[in-house]
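The values are calculated or read from the model by the stated rules, or taken from the named source; none is laboratory data. Keep in mind the model is a prediction, meaning the values are calculated, not measured. All Cβ positions, glycine included, derive from the backbone under ideal geometry; neighbour counts span all protein chains shown.
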Amino acid sequence: MKKILAIGGSNSRISINRKLANSAALLFNDASVKLYDLSLVDIPIYSVQLEEASGIPDLVIDFATQMDEADLLVLSLAENNGYLNAGFKNLLDWTSRIKGRKTFADKPMLLMATSPGPRGGSSVLDIAKNIFPYQAAVIKNTFSLPSFYQNFDDETGITNPELLDNLKTIIAELN
């Protein structure tokens with residue numbers, strides 16, 4: 001059974017990206033899905049001085065352990081001013097400081113993004129596609145969901161048949 005870690009790359013309590021990541025992860029056949037809620041992670045903003053004084057926070061070690069235990073990461077990124085959400089970026093900054101660790105630990109990844117607008121987080125998706133491989137992410141495919149509130153329902157997931165079929169095709173290739 002494939003172990004999937006679904007991550008919404010936003011520290012918002014009502015993250016639409018967490019909803020998309022969770023919904024997509026549940027579409028995999030014969031998979032055990034663990035949902036990661038970044039809104040519950042309260043860690044200080046990274047600095048070298050803080051790391052030297054206090055070490056790596058336990059919540060960061062826990063996040064890294066959860067990635068290590070997964071066979072596949074399903075990550076949906078929030079786009080804040082065209083870039084990564086600050087809470088998620090901070091978590092990555094801390095994770096990258098674990099001695100001997102490559103941030104994403106060479107784990108296969110389905111990289112996604114969504115936003116309320118028609119571009120579906122395409123700016124942050126493009127940035128992540130370029131920088132995450134340097135952080136040891138093995139990006140197997142990408143998916144963008146435009147106009148989240150028109151194309152997603154909290155009960156049923158993606159409501160646009162064409163977009164849902166596109167995601168299901170991507171997932172079938174990763175199964």
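Before we move on, is Lys102 in contact with a helix residue (DSSP H, G or I) (Cβ under 8 Å, 6 or more places away or on another chain), closer than 30 Å to Glu52 by Cβ and loosely packed, with under 15 Cβ neighbours inside 10 Å?
Here the answer is yes, as Lys102 does meet what is asked.
Quick one: would you say Pro108 is surrounded by 15 or more Cβ atoms within 10 Å (Cβ to Cβ), farther than 30 Å from Glu52 by Cα, within 13 Å of the chain's Cα centre (by Cα) and not hydrophobic (A, V, I, L, M, F, W, C)?
Criteria met by Pro108.
For the list (1) in contact with a helix residue (DSSP H, G or I) (Cβ under 6 Å, 6 or more places away or on another chain); (2) closer than 25 Å to Ile171 by Cβ, I need the number of the one condition that Gln66 fails.
(1)
Conditions (1) touching a helix residue (DSSP H, G or I) at 6+ places or on another chain (Cβ under 7 Å); (2) modelled with pLDDT of 95 or more; (3) surrounded by fewer than 22 Cβ atoms within 10 Å (Cβ to Cβ); (4) within 22 Å of Leu145 (Cβ to Cβ), marked per residue:
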{"position": "Lys3", "(1), (2), (3), (4)": "yes, yes, yes, no"}
{"position": "Pro44", "(1), (2), (3), (4)": "yes, yes, yes, no"}
{"position": "Glu52", "(1), (2), (3), (4)": "no, yes, yes, no"}
{"position": "Ile56", "(1), (2), (3), (4)": "yes, yes, yes, no"}
{"position": "Asp62", "(1), (2), (3), (4)": "no, yes, yes, no"}
{"position": "Trp94", "(1), (2), (3), (4)": "yes, yes, no, no"}
{"position": "Thr114", "(1), (2), (3), (4)": "yes, yes, no, yes"}
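If a residue counts only when it is under 11 Å from the mean Cα position of the chain (by Cα) and among the hydrophobic types (A, V, I, L, M, F, W, C), which helices (runs of 4 or more DSSP H) contained entirely in region 1-72 have at least 2 such residues?
Because the criterion is at least 2 residues that are under 11 Å from the mean Cα position of the chain (by Cα) and among the hydrophobic types (A, V, I, L, M, F, W, C), the helices (runs of 4 or more DSSP H) in region 1-72 that meet it are 16-25.
Inside region 134-166, can you point out the residues that are under 30 Å from Lys102 (Cα atoms) and surrounded by fewer than 14 Cβ atoms within 10 Å (Cβ to Cβ)?
Tyr134
Quickly run through region 111-165 and pick out the residues that are within 18 Å of the chain's Cα centre (by Cα) and β-branched (Val, Ile, Thr).
Correct list: Thr114, Val124, Ile127, Ile131, Val138, Ile139, Thr142, Ile158.
Applying the selection to region 155-175, what residues are free of Cβ contacts under 8 Å to residues at least 12 places away in the same chain and closer than 23 Å to Ser123 by Cβ?
Asn160, Glu162, listed by residue number.
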